[in-house]
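Below you'll find the structure, written out as structure tokens, and then a few comments.
Every number in this text was worked out from the coordinates using simple rules, so none of it is lab data. All values reported here derive from a predicted model rather than from experimental measurement. All Cβ positions, even for glycine, are placed from backbone atoms using ideal geometry, and neighbour counts span all protein chains on display.
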Amino acid sequence: MSEPIARPGAPTNAEVAAQLREMAQLLESQHANPFRVAAYIRGADTIESLSEPVAGIFEARGPEGLDALPAIGEGLAAAIAEILITGSWSQLERLRGSIDAAAVFEQVPGVGSELAHAIHDTLHVDTLEALELACKDGRLEQVPGVGERRAQAICDSVSAILDRRRGARRRARPVPASEEPPVRLLLDVDRDYREKAAAGKLPKIAPKRFNPSGEAWLPIMHANREGWHFTVMYSNTARAHDLHKTHDWVVIYFYDDEHAERQHTVVTETRGSLEGLRVVRGREADCLREARR
């Protein structure tokens, strides 16, 4: 039997709208693009104005029903679907500093706590969307204990979960690198972030993981360039702390105008032809071509 498309006791319209408004408030306080802030406010207004439960629309028509609402595009529809299915929203929790990537991955059948932490710490990903990409490009098999067959089973399960959120139009194919920001732009955003973080010019959040004092130490940057929206921060994984890379490994989340999120991690390469250079994990070949120009 398939899982229900929205969890029992799914959030009310007011609760969904409140999360969208909180996102807008956090983005505004962290100096994000005003148009992005306004998009979430308009989405909240739409949900609050509905004469029927948004969970009912989702149950009846799926993500396409949400996408058809005024001011709700594909990205916001996917976010609302995530809230209705899980009761939480990973993008919002990240800006709060409260995201628990292991809990996100434990939604996947066959992924327990130990493997969930290994996935997060090895691949530097914290969303199911990023995990799906890691499945498709083979990076998941780099995680200790994950062979080819297990990786395929996890990939199938992740895609099934995300298909319920995204609807038919967005489940047809993975996004190719040609539809991501070019490497030169990712590296430029990485450089800008590290320079501003070092100069103390960025707002900081207090992550809950590996932060017993509750200190607001993690710089966060929002930028809008060449039609892409970026949210950038240092990696806060166990592996980054163990290897003392919390001020080297930079996680870049990027969004198109539909607010659909993807991510890459930029690191200083320690071996091979790119040793000493900044490299976008998963786009090494593009980085090598960029370095040779």
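Here is how the numbers come out for the structure above:
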| quantity | calculated |
| --- | --- |
| Ala291-Arg42 pseudo-label distance in nm [points 7 Å out on the Cα-to-Cβ vector] | 4.3 nm |
| Orphan Cys of the chain, criterion: no other Cys C-beta under 4.7 Å | Cys287 |
| Square roots of five times the Cα gyration tensor eigenvalues for region 13-87, Å | 21, 11, 11 |
| Region 78-132 versus region 17-54: alpha-carbon centroid distance in Å | 22 Å |
| Whole-number percent relative contact order across region 101-170, with pairs defined as alpha carbons under 8 Å at least 6 apart | 30 percent |
| The chain: relative contact order as a whole-number percent, Cα under 8 Å and 6+ apart | 15 percent |
| Label corresponding to Kirkwood radius over Cα pairs in Å when calculated from the structure given, among (i) 19.8; (ii) 21.8; (iii) 18.2 | (i) |
| Karplus 3J(HN,Hα) series, Hz, for region 270-277 with 6.51 cos²θ - 1.76 cosθ + 1.60 (x for Gly, Pro) | 10, 7, x, 5, 9, 3, x, 9 |
| 222 nm mean residue ellipticity, helices alone, for the chain (DSSP H n ≥ 4; -39,500 (n - 2.57); rounded to 500) | -14500 deg cm²/dmol |
| Contact order normalised by residue count of region 177-291, Cα under 8 Å, 6+ apart, percent | 19 percent |
| Relative exposure of Glu93, Glu106, judged by other C-beta atoms within 10 Å (fewest first) | Glu106, Glu93 |
| Residue order, fewest to most beta carbons within 10 Å, for Phe230, Phe35 | Phe35, Phe230 |
| Pairwise Lys count, the chain - Cα closer than 28 Å, eight or more residues apart or different chains | 7 |
